[in-house]
1. Grab the other residues whose beta carbon is less than 9 angstrom from that of Tyr451, score K and R as +1, D and E as -1, and report the net.
2. Which of the three applies to region 111-218, rounded, prolate or oblate, going by the alpha-carbon gyration tensor with a ≥ b ≥ c and a/c under 1.5 meaning rounded?
3. Figure the gain on full extension for His664 and Arg368 (residue separation times 0.36 nm, minus the Cα-Cα span) and round it to one decimal in nm.
4. Just the number please: accessible area per residue for region 424-582, 1.4 Å probe, all protein chains included, in Å².
5. If you plug each phi of region 52-58 into the Karplus form 6.51 cos²θ - 1.76 cosθ + 1.60 with θ = phi - 60°, what whole-Hz ³J(HN,Hα) values come out, in order, with x for Gly and Pro?
6. Given Cα pairs under 8 Å that are at least 6 residues apart, what percent is the relative contact order of region 627-723?
7. Around Leu65, what is the net charge, scoring Lys/Arg as +1 and Asp/Glu as -1 over all other residues with Cβ under 14 Å from its Cβ?
8. Between Glu789 and Ser226, what is the label-point separation in nm under the 7 Å Cα-to-beta-carbon projection?
Amino acid sequence: MQRILSRAARRCTNSSAAFKSPLAQANVASGLHSEDAPTCSNEYDNLTWKTSLVRSMQADIVNALRRGDRQRASMILSNFQNTDWALTKDDFSYILEYCAEAPDPLFVMETLEFMEEKAIGMSKGIYRYVIRALSRGGYSKEALHWLTLLGEKESTHATLPFFNIFLNSCGSSGNLKDAECCLEIMENYLLGKSEITYYELLKIAVLQGNLPAVYDIWKDCTRYYSPSIIMQRKILRALTTFGDLQSAYHILQHMVVIAAQSSGHLRLSSKRRYQSSRLDIPVLALSESEDLKLLPDCNLQPSQGKLATGENSADVQPELFEEKTQSFEIVELKADVLSEGNDLADKVGLENGSVPDALRFVGSAVRRILRWSFNDLMHACVQFNNCQLAEQLFLEMQKLRLRPSKFTYDGFVKTVIAGKGVAYAMKVIEVMERRGIKPYNDTLAALSEGYSKKLQLDLAEDFLERISEIRPKHIRAINALLSGCEIMNEPERAVRILAKMKQVNMKATLRTYELLFSLFGNINVPYEDGNVLSHVEVSKRISIIEMDMLNNGIQHSFVSMKNLIRAYGAEGMIEEMLRYLNVAENTLWNINSYQKSDLYSVVLHALVQAKESHKAIRIFKIMRSCGIPTDISIYTTMIECCKWLPCFKSARALLSLMLRDGFHPTVVTYTSLLKVALAKDDFEGALDLLDTCKTEGIEPDIQMFNTVLSHAYYKGQIHVIEYIVECIHRAKIQPDPSTLWYTFCVYEEHELYNTAIEALQVLSMRMISEDVSICSEKITVFEDIILSEEPDAELRIIRTFEAGEEFLATALLNLRWCAIMGATISWSPEESLWAWRLASSYDDNRRPHISPPEVPQSWGRKSYF
């Protein structure tokens with residue numbers, strides 16, 4: 001206290017603004033002797049000096065509270081008692097104002113206790129600080145007590161702002177019970193509600209996910225007067241949060257009507273927020289008014305999709321928002337831009353002078369509020385994938401001559417990417433660029449993500465490079481590009497992306513690491529088997545990825561562990577794969593039994609591919625003993641495992657288990673059974689399985705036929721190949737390049753060159769089309785390409801690969817090669833002697849003559865299962 005008075009006295013001396021008697025009184029109160037006390041001049045009166053001293057003491061208390069020195073703040077406050085002058089409520093206003101902003105409810109109560117001892121009166125400003133500090137600090141009961149006292153003292157509408165302060169804290173904390181108590185007190189004192197009251201109640205309803213309460217708030221708010229455009233925007237944002245875009249659109253119609261017909265203006269508050277210029281007169285609290293139901297019977301979550309698509313559930317009440325609302329035609333808008341035949345991507349580039357100005361008398365602030373509201377609804381269309389409404393909103397903005405901002409284009413582009421594709425969105429981007437509007441970085445990231453999903457990785461990477469400042473929120477676009485690199489097997493591109501991430505110091509997410517294990521977890525697959533060098537490199541890569549995960553504090557997920565196990569299995573690193581399977585079982589406690597079954601499925605597939613049949617059998621038995629569920633893919637994998645034993649009896653036992661578990665065989669299952677039968681050259685058994693497959697109503701696919709063709713080729717069984725080729729034709733299945741390769745090579749190896757070329761020509765025709773005759777227009781185009789003598793003819797054919805027509809390009813290259821060899825190109829493959837001979841043999845029901853295979857001893861042994 002002595003130091004405080006000394007500082008105050010020095011300020012008085014420097015300004016020559018003090019006098020003796022008050023200072024002497026303060027010195028006596030603080031224990032200072034008169035000879036030690038500083039002296040001040042008598043130029044200013046007693047009140048001036050006292051005010052300066054009190055302000056200094058309040059500042060010292062606030063500084064102590066900011067430093068966390070509560071003991072010193074309490075000591076300085078207690079020294080107020082040692083003064084002889086009369087204290088007023090203004091002597092504590094600065095302290096209470098700081099405690100309200102901090103908030104510091106404990107020191108507020110300490111200050112209030114001191115003021116009560118000194119019998120210092122309370123002003124409305126003090127009440128405001130006290131209620132704000134108590135409610136924001138979590139002392140809601142005490143705040144409600146002070147609100148009750150205030151209501152008893154002055155039950156007028158002037159006290160409503162204090163209740164709004166309390167409701168604001170309830171909205172921040174989500175305390176429904178306290179909000180209900182506050183509303184009850186307001187009802188008891190007939191205080192009514194203002195727009196701020198409704199807004200605070202609206203925040204509570206949104207926080208609780210209570211859509212019916214939002215409807216009740218709107219109904220109660222519009223019962224007696226028309227809400228301002230600012231309040232309606234808040235209602236609109238609340239509805240978009242729940243996905244009720246239809247009702248939000250009706251609110252937007254209300255706003256346009258108000259903006260066009262009203263002459264009110266908006267003003268900026270001290271916090272740079274727009275406020276309505278009209279008086280916010282509270283709605284009278286009538287006894288017959290309905291209570292707001294803030295406590296929901298059942299919470300409606302924003303994720304419910306019916307609201308987003310405009311479908312009305314039982315709890316949705318769009319008629320509330322349709323009242324007194326017509327279309328935008330109320331303000332005499334013309335639909336010139338809605339002429340049929342024009343593309344929306346071209347309409348978004350219309351100049352403002354092409355339509356009349358419906359809001360020409362509206363101020364810039366109101367127009368800005370309207371544009372923000374359009375943007376709110378536009379971005380809600382992104383979240384709930386409502387492309388149709390987004391297009392309608394964009395056209396309405398053009399009619400209203402509300403110039404779309406970058407944020408508007410951002411929402412519109414994101415919506416049309418999901419609804420109409422990235423190519424359509426690019427038309428909008430071109431319009432933006434023609435108008436000199438540079439897209440947001442978020443817009444470019446959305447375009448990059450869209451092209452990544454379309455596997456157009458060059459364009460995706462280009463848009464990613466155009467982002468001026470890559471931020472953590474753009475990691476989704478980067479992960480999408482990495483996913484595309486994984487699908488297209490482009491690890492080199494992924495390395496460039498990772499280098500870009502390192503350059504901008506962007507941290508990877510869990511999804512990034514999941515993709516990295518897939519991208520860099522193997523080296524040779526699918527081109528060749530792993531070796532010692534590749535195993536060392538894979539171990540090094542996986543260790544680096546895991547170390548980076550550890551440094552960033554990211555734990556393995558089910559997907560990352562699954563991709564890691566798959567990477568080890570693909571490289572043939574069986575021991576490491578089994579070790580990580582054990583790690584996954586011990587560390588991933590949150591995975592369910594079906595996810596664990598998925599991990600075992602990956603392991604079993606890798607073991608079968610590595611010919612580790614006995615380990616696969618052991619793992620399968622562990623699964624069944626532990627009650628881990630199996631599925632059709634696991635049974636199919638284990639049936640294929642039987643080809644390494646080889647044991648067809650085990651395959652039949654697995655088929656019996658599969659049927660017992662309720663799984664029916666698929667074409668993939670029969671393909672695995674074919675592999676087991678062909679493991680010892682049992683072509684008769686394989687053909688019987690094909691017949692059984694058809695009998696069971698399962699249509700074989702080209703992979704199933706190619707399985708037989710592959711084994712027949714390696715064994716030189718020409719008759720089997722010819723029979724299977726005719727089966728493929730009768731099933732109206734288009735052959736693929738593998739079918740052509742097996743057929744051509746088996747004739748070529750037996751030096752049947754003319755037959756090989758004829759077969760290649762017929763199968764190439766069938767690969768283009770299984771129809772008997774090909775369209776004459778296509779024949780002309782194909783002949784020009786096949787018989788062309790230009791040097792870039794092959795290049796023209798190869799370019800068709802870019803359009804995804806791989807089979808067509810392969811067939812055209814084969815036919816061109818046949819023409820170069822001197823063969824006559826006939827577009828009627830059924831006229832070929834080779835095709836006629838195969839058809840005749842099939843019609844005579846003549847199966848190829850196959851020598852019975854030598855039955856191995858292992859085929860008669862007991863089943864492994």
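The values are calculated or read from the model by the stated rules, or taken from the named source; none is laboratory data. All values reported here derive from a predicted model rather than from experimental measurement. Cβ placement follows ideal geometry from the backbone for every residue including glycine, while neighbour counts extend to all protein chains displayed. Note: areas computed on protein heavy atoms with side chains; ligands, DNA, RNA excluded. Shrake-Rupley method; radii C 1.70, N 1.55, O 1.52, S 1.80 Å.
1. On the way: positive: Lys453, Lys454; negative: Glu449, Asp458, Glu461, Asp462.
With Lys, Arg at +1 and Asp, Glu at -1, the net is -2.
2. Numbers: a/c = 2.65, a/b = 1.76, b/c = 1.50.
The shape class here is prolate.
3. On the way: separation 296, 0.36 × 296 = 106.56 nm, distance 6.27 nm.
Roughly 100.3 nm would be gained on extension.
4. On the way: 8100 Å² over 159 residues.
For region 424-582, the per-residue accessible area is 51 Å².
5. 5, 5, 5, 4, 5, 5, 4
6. On the way: 86 pairs, mean separation 23.5, N = 97.
After rounding, I find 24 percent.
7. Working: positive: Arg66, Arg67, Arg70, Arg72; negative: Asp60, Asp69, Glu97, Glu101, Asp104, Glu110.
Taking every other residue near Leu65 into account, the sum is -2.
8. 8.3 nm
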